[in-house]
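Everything below concerns the one structure shown next.
Read-outs throughout are calculated quantities, based only on the coordinates presented, and are distinct from any laboratory measurement. In this text the structure is predicted, and so the values were computed from the model without any measurement. Neighbour counts run over all protein chains shown; Cβ positions are idealised from the backbone, glycine included.
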Amino acid sequence: MFSYKCNCRCAHCLYACGPEWQGSMDVADAARIFEGLLETSEQLRGFHLAGGEPFLDFDRLLRIQRLANEFRIPIEYVETNAGWCLDDESTREKLEQLRDAGLQCVLVSCSPFHAERVPLDRVTTAIKVGYDVFGPNGVIVWVPEFYRELSQIRTEGTISLSEYVESVGESSAKYTIRSGYSLITGGRLGYGLGHLYEHRPAERCRGDHCGAELLESGHAHFDPYGNLIPAFCSGISLGDSRDLAALFAEFDLDRLPLVKILAEGGPHALYEFAVERYGYPPLEEGYVGKCHLCVDVRRWIKRHTDEFPELAPDAFYDNLSK
């Protein structure tokens, strides 16, 4: 995760990204992460550069891509919402520099959430120029169905979520949004898109343990503040990703009590802990999934104490909803 800073502030954002965030990953920190990966991993695959919006700090993005190439870290693609793609010429210039630095593909995000802030013609520019620069396998559109549906509304200017829902119909919109974008119910989703989901009480999450996601997943994120985020568990840090060898060698679950509760008992166990220790009030309307329950409980705990280092970065909890 190159940065949490983004030109968008999408209602679905798992990482609570937006314009309020500051800073990008330090190049020296990226080097330490790459070194740690090579030192601790037998097989490296499936890497991508993401955000936030990485192209907001293009010079640094280019330097980190070059660095990854030097370390032979296989970057599959860089993600972008295309908000910066104002014309063919400037778009081509940046993509060609990344291609020459070893990048082979660009993933262009396209959804009803992004469309509220990024005109579709910029997405079209990114796709068209991306194919020219990287070739027929060099562009991933995420998600093609959304691109088709949004194109039928209009290609210039932004499109509100309500306008999209009206265009395709509420039932179709709910189905496509929930199933078509691989959404996770953590981050802002429960707050910003909860009206598209069925709500259930916290008790319905009893028994949903998170050990696999937190401790056994082969998927992880490295954020610009040095946090190792397991799987898609945004707002949770297992330790300092800038020294992976030490993190793995010295890892002790007892030092991360909230992670231990989640791994062994799941979000409902964390909910019970927060009710007893911090007087957490359950949401009257319920929750749209176990990740929504987890993030809302963690946000409440974060408001009441700073004793848990695994709740990081701080700004994630500040930017969940405003």
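Taking the Cα centre of each part, how many Å lie between region 133-211 and region 215-229? First find each Cα centre; the distance between them is then 24 Å.
Based on Cα atoms of region 204-318, Rg over Rh with Rh as the Kirkwood radius reads 0.95. Modelled spin labels at His304 and Gln104, positioned 7 Å past Cα toward Cβ, are 5.0 nm from each other. Within a straight-line Cα-Cα reach of under 17 Å, Lys260 can be paired with the following lysines, leaving aside sequence neighbours fewer than 8 residues apart in one chain: Lys290, Lys302.
Percent antiparallel among DSSP beta bridges with both residues in the chain, to the nearest 5?
Working: 6 of 17 bridges.
Once the DSSP bridges in the chain are tallied, antiparallel ones form about 35 percent.
Amide H contacts of His221 (H built 1.01 Å from N, in plane; Pro and chain starts excluded): Ile229, Ala231 sit under 5 Å, all sequence-distant by 5 or more or on other chains.
Within region 9-60, the GluC sites (Glu not before Pro) that combine a DSSP coil assignment with at most 14 other C-beta atoms in a 10 angstrom radius are Glu20, Glu42.
The eigenvalues of the Cα gyration tensor, multiplied by 5 and square-rooted, give the chain an equivalent ellipsoid with semi-axes of 32, 27, 15 Å from largest to smallest. Taking a point 7 Å from the Cα of Phe58 along the Cα-to-Cβ direction, the residues of region 66-94 with backbone N closer than 20 Å to it are 66-69, 77-94.
Amide H contacts of Ala312: Ile236, Ser237, each under 5 Å away and 5 or more positions distant or on a separate chain (H built 1.01 Å from N in the peptide plane; Pro and chain starts excluded).
Distances between placed amide hydrogens fall under 5 Å for Tyr287 paired with Arg200, all partners being 5 or more residues away or on another chain. In order along region 294-302, the Karplus-derived 3J(HN,Hα) couplings, from 6.51 cos²θ - 1.76 cosθ + 1.60 at θ = phi - 60°, round to 4, 5, 5, 5, 4, 4, 5, 4, 4 Hz, and Gly and Pro are given as x.
The string of couplings for region 268-278 from the Karplus curve (6.51, -1.76, 1.60, θ = phi - 60°) is 5, 5, 5, 4, 5, 4, 5, 4, 6, 8, 10 Hz, one whole number per residue in order, with x for Gly and Pro. Where in region 36-52 does the amide nitrogen come within less than 19 Å of the point 7 Å from the Cα of His219, taken along Cα to Cβ? Taking a point 7 Å out along Cα→Cβ of His219, the residues of region 36-52 whose backbone N falls under 19 Å are 43-52. Shape of region 1-93 from its Cα gyration tensor (a ≥ b ≥ c, root eigenvalues): rounded if a/c is under 1.5, otherwise prolate when a/b > b/c, or oblate? Verdict is prolate for region 1-93. With each label modelled as a point 7 angstrom along the Cα→C-beta vector, the Ser90-Glu20 pair spans 2.7 nm. Sequence-distant contacts, meaning Cα pairs under 8 Å at least 6 residues apart, place the relative contact order of region 204-318 at 30 percent.
Note on Ser167 and Ala212: the model spin-label points, each 7 Å out from Cα along the C-beta direction, lie 3.7 nm apart. Taking 0.36 nm per residue of separation and subtracting the Cα-Cα distance, full extension of the segment from Asn137 to Phe47 would add 30.7 nm. Hey, with R₀ at 25 Å, roughly what FRET efficiency would His199 and Asp314 work out to, going by the Cβ-Cβ distance, to 0.05? For His199 and Asp314, the calculated efficiency is 0.35.
With r defined as the distance between the Cβ atoms of Ser160 and Asn69 and R0 fixed at 41 Å, what FRET efficiency is calculated, to the nearest 0.05?
On the way: r = 40 Å, r/R0 = 0.98.
The pair Ser160/Asn69 has a calculated efficiency of 0.50.
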